[in-house]
Amino acid sequence: MGLGLRKEKSYTFEDWLSWDEGVRAEIMDGALVMMAPPSQKHQEIMGEIFRQLATFLKGKSCKVFPAPFGVRLAQDEHTALEPDIVVVCDRKKLDGKVCNGAPDMVVEVSSPSTARHDRLVKYHKYLHAGVREYWIVDPDTKTVQVFLLEGGKYVVNAYGDTDVVSVSVLEDCQITLEDVFAE
């Protein structure tokens with residue numbers, strides 16, 4: 001598998017970079033968090049959000065990346081994340097491998113096994129790192145929570161499957177949730 005697992009339980013960003021590309025894992029405060037293969041519904045939803053963002057960003061300076069794409073928040077040596085979708089507007093944060101620092105936008109498509117992690121652990125990581133816009137997409141309830149960074153705190157707005165959501169960090173960009181949640 002190429003992980004090079006050690007008995008001690010603290011892994012670093014450099015460990016993570018050395019693993020095979022096919023390994024689906026994150027490191028959270030030194031702890032290894034293995035990621036299960038995503039469901040078909042997860043991939044369809046992620047793919048549609050990515051498609052809408054990529055279409056909007058064609059020819060623009062910001063870039064959008066689908067998972068697997070690594071994020072290293074604030075030079076944290078003991079955390080390496082792979083959000084479902086990342087939007088980066090400051091190209092200096094891109095080193096050809098990962099995003100170094102807070103992306104402008106992160107999208108996580110939640111599942112029963114990741115919901116708590118997305119809503120608590122990752123929420124706080126993204127907040128403290130300065131991610132300006134964080135989406136949590138729930139395929140089961142067909143809802144999206146959008147957390148916008150304002151004054152060092154996240155302000156939340158919730159949307160349903162018939163809404164059109166404006167992406168705050170991308171002027172004039174809108175995501176049509178009817179297409180995202182289409183059967």
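Just so you know, all these numbers are worked out from the coordinates, no wet-lab data involved. These numbers were taken from a predicted model, which means no experiment stands behind them. Glycine gets a Cβ as well: all are built from the backbone with ideal geometry, and neighbour counts include every protein chain shown.
At-a-glance table
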{"quantity": "Helix 40-57 axis, angle to the chain major axis (alpha carbon atoms, nearest 10°)", "calculated": "70"}
{"quantity": "Estimated vicinal HN-Hα couplings, Hz - segment 69-81 in sequence order (Karplus 6.51, -1.76, 1.60; Gly, Pro = x)", "calculated": "8, x, 10, 10, 7, 6, 6, 6, 6, 10, 9, 9, 10"}
{"quantity": "Long-range amide H partners of T143 with built H, under 5 Å", "calculated": "D138"}
{"quantity": "Ranking of M46, M35 by count of other Cβ atoms within 10 Å, fewest first", "calculated": "M35, M46"}
{"quantity": "About the Cα centre, charge dipole magnitude for the chain (Lys/Arg +1, Asp/Glu -1 at Cβ), debye", "calculated": "480"}
{"quantity": "In Hz, Karplus ³J(HN,Hα) per residue of segment 153-166 (6.51, -1.76, 1.60; θ = phi - 60°; x = Gly, Pro)", "calculated": "10, 8, 9, 9, 10, 10, 9, x, 5, 10, 7, 10, 10, 7"}
{"quantity": "Label point distance in nm, L120-K153, each placed 7 Å from Cα along Cα→Cβ", "calculated": "2.1"}
{"quantity": "Distance from segment 106-183 to segment 58-95 (C-alpha centre basis), Å", "calculated": "16"}
{"quantity": "Positive-end residue, segment 1-139 charge dipole about Cα centroid, Cβ charges, pick of P37, L17, P139", "calculated": "P139"}
{"quantity": "Aspartates and glutamates whose Cα lies under 19 Å from that of K153, excluding same-chain neighbours fewer than 8 positions away", "calculated": "D104, E108, D118, E133"}
